[in-house]
Structure formats: structure tokens, C-alpha cells
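Beneath this line is the structure, given in C-alpha cells, with notes to follow.
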């Protein structure tokens, strides 16, 4: 479909810079998604984020120091990211995802 | 389970069964590609009950409510609450505070102080001025010891419900061989193999929408899919429209160009965190999402759709958002 974005506000250097910085952080995390099944792995990811040593934030440091318990989610989930695909023609949705 | 609303089971397309019930202030739904067993729903009931008991901001007897009202600067919390706080803090860090578990007081000040189904939807009180939230960096969690300034209102709405969906799906996948789709308020987690070609999911503004409402129908084979929207959980306060997605920088409802963001990611938690962060980020949202590996469908407040990261365009019922001059 050749769709591209129309986001004129991206021309704002501050917005772009902030977004790119944040994107780098989240990319690291997402790329290691399967690895982050435990808090210890989360600590490793946090350490890998450029320019922000884990120890610089007591809150995050302590928060990610202990392994998750059974009460936590599988943060890594299914591992590789699988994009949705077009639904087969005429298929009936099993569920709806929307705001709640 | 005492006090829980009963499940309503129904057929959900060829060969599928679905069961729904109210839970966590929204709708819980479990879809299976095989026959139901009571054990399936009991397992999900257990997850929902545990989440409500630990993390509800609207139950005076929940652990979170007790922590929020505890005057001591240090409190011991359960492993379950700690397991909810850790990812909340991690995502606060990863998003530079676009997600922040200290939005609790801001939500109360905006009028979202009670269970949404019971709260006044037209409040005469004026909207307060901008005031950033205390900030997630004030929370430290050492093992089971939570340190924070007394009076800091913690809210786990941006992460806990999605964690519950992931947890329910994980447990179902561990204990049953069937394929399952768990939805909590439209935030989805998949367990097992599921149907050939993936689960067919309708994506739209409101998880209660019918097929007549504009959206897109896609198929999902693994991981999670979550949608954050400013169109559903809304009320009026002082004559202004309010919603529940608070921008921690202002302490007020996010006021950006996106009304709804859906994200597919390896887990429901990841998907929900990114979707909510994108709504809060506003103009910078696409920059944040691009390159993360997540797929996203974003809808502007005027009803145009943007697709990122491999999210299909086929089947989109909204007008696409195109770059000026790009189209012939």
C-alpha cells in the first residue's frame, strides 16, 4: 500500500531526539525479549542500555535485582516478535482488542 | 470462587468456544479451540482473584491499597505485589517515565478515585492544574521491602492487567494441551498452538465493539496484542473530557494525536506497555515504536490509521495516514 507517515512534528529536533533515545532503549529490551524472563535478565538488559548504568537509579537497580516469582508475567513471552497477518477472507473474529 | 461473576460460555466461530465474565473492572474472556473444562476457568479465576486482591486500587482490602495508605516510609510487600512492581518500574525506566506507577494520586485528582463502573461520570469539580507525578525514581524495591515517600499513590493499571493475561495464558499453556486466547479488557495473550493461521482478532477502539464499528481484522499466532485507547474509559470533570491514560509529566490525561494504539509483541505486558507509552508520548510515539520490533496500529484522533513494524495494511477500514506529497 506504500503508506508512509505524516508526522510534521518529527521535524522538531527535541521530539526526534527524545524519541530516538527512547527507541534505542526499548529496542534493546525487545530484542532480548525472550531473555528477560527473569528479573536477573532484566538487570542485564538495563545494564546494556547506553549511558545509563544500572547503579545510577536505585529504584530500578533494586527493582530488577531479584528473579521474578510465579506471580509475574513471562516478560519474554513467546520470544520472537510475530506481527499480525491479514485475516483470511470471511473469517470470524474470536475476540476483539480495543480500549477498556 | 466466592464473589466472582459467573462465566458466560458461547460458541465463538467455527470450532471455538468462548467464555466471558466481568473482572478487574473490565471483561475477561477465554477462547479455546477445543472443549471447555471447569479446570480451565478455575485456573483463570485464580489469576483474576489474585490480581484483584493484590493490585486493585479500588478495594480497601487489597494489598496495594494498604501500601498506599501506609504512613511508614518502608513497607514489606508480598512476592506477588513485588512481582507486579518490578516490571512496572522496569517499564518506567525504559520509557523515560512515560509509564509511571506513581500516577495514582493524579488519577484520583482527575476524578478516577473509584471503580469506573461506580464512579460519577459527570463531576462538577474543576480540573486541577498541571502537576507532574512524584516519579517512579522515588520507589525502591529491595527484595520485599518497598521504600517510598509516604502518601505516594501507586497505580499499576498500565502493566498489571496485561501481566494477568500473560500469567493466565502461561498457566493454561503449562497445564493444558489446547490452544487458548486470554483477553482482559481487550489485552490478549496466547497459549498453545491455536488454530491454523492464527487467532482472528478484531482490532478497534473499544473491546466491546461490534463488527459494525470501524477497525481491522488480523490474525495473531503468538505472543500478545494490546490496545490502549482514550476513547473508552472517559468521564467529564469541570466541563472537560477526561480519560484514564495520565501523562506523568502533567498529571493530566494525555492529550496527544493518538486516540488508540494497538501493539503486537512477544507478551501482552510488552504490548500493553508500548501501546500506553505511545499514547502518552504523543507526537513522538511513532519514533518510539519504530525499530523496537513491535508491530503497531495507531489511530489518530481524527480517525486515520498508521501501521508500523509489519502490521498489515490489508483489511484496514480507516483512512490511512499518508505523508504529504507521497501519494500520487
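Numbers at a glance
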quantity	calculated
Shape category assigned to the stretch B:238-279 from the gyration tensor of Cα positions, a/c cut at 1.5	prolate
Cβ crowding within 10 Å averaged over residues, with B:164-173, B:73-82, B:182-191, B:303-312 ranked highest first	B:182-191, B:164-173, B:303-312, B:73-82
Projected area, mean over directions - the stretch B:182-246, Cα convex hull, nm²	5.5 nm²
Rg/Rg_ref, the stretch B:33-73, where Rg_ref = 2.2 N^0.38 Å and atoms are Cα	1.68
At q = 0.10 Å⁻¹, base-10 log of I(q)/I(0) for the stretch B:128-264 (Debye sum, equal scatterers on each alpha carbon)	-0.47
Computed FRET value (nearest 0.05) for residue B:130 with residue B:174, which takes r as the C-beta separation and R₀ as 51 Å	0.65
Range of Cα positions in the stretch B:1-61 per principal axis (Å), largest first	43, 20, 15
20 Å-binned pair-distance histogram of chain B (Cα, whole percent)	32, 59, 9, 0
Calculated P(r) tail over 14 Å for the stretch B:221-300, as whole % of Cα pairs	59 percent
B:131, B:35, B:208, B:233 arranged by Cβ crowding within 10 Å, fewest neighbours leading	B:35, B:131, B:208, B:233
The stretch B:20-109, Cα convex hull volume normalised per residue, Å³	143 Å³
Cα-projected label distance for residue B:121 with residue B:317, points at 7 Å along beta-carbon direction, nm	2.2 nm
Spread of Cα-to-Cα distances over 5 Å intervals beginning at zero, given as percent, for the stretch B:54-209	2, 8, 14, 18, 18, 15, 12, 8, 4, 2, 0
Sequence of B:94, B:181, B:41 once ranked by neighbouring C-beta atoms within 10 Å, starting from the fewest	B:41, B:94, B:181
Viscosity 1.002 mPa s, 20 °C: Kirkwood-radius Stokes-Einstein D of the stretch B:157-215 over Cα pairs, µm²/s	171 µm²/s
Relative contact order (percent, whole number), chain B, Cα cutoff 8 Å, 6+ residue spacing	15 percent
Translational diffusion of the stretch B:125-187, µm² s⁻¹ [Kirkwood Rh, Cα pairs; Stokes-Einstein; 10 °C; 1.306 mPa s]	104 µm²/s
Exposure proxy order (Cβ contacts within 10 Å, fewest to most) of B:48, B:274	B:48, B:274
Debye intensity ratio in log₁₀ form over the Cα atoms of the stretch B:101-159, taken at each q of 0.17 Å⁻¹	-0.66
Shielding by partners, peptide B:29-35 (average Cβ within 10 angstrom, other chains)	1
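Read-outs: derived from the displayed coordinates by stated rules, not from any lab. What you are looking at is a predicted structure, and each value in this text was computed from that prediction instead of being measured. Here Cβ is always computed from backbone atoms with ideal geometry, including for glycine, and neighbour counts include all displayed protein chains.
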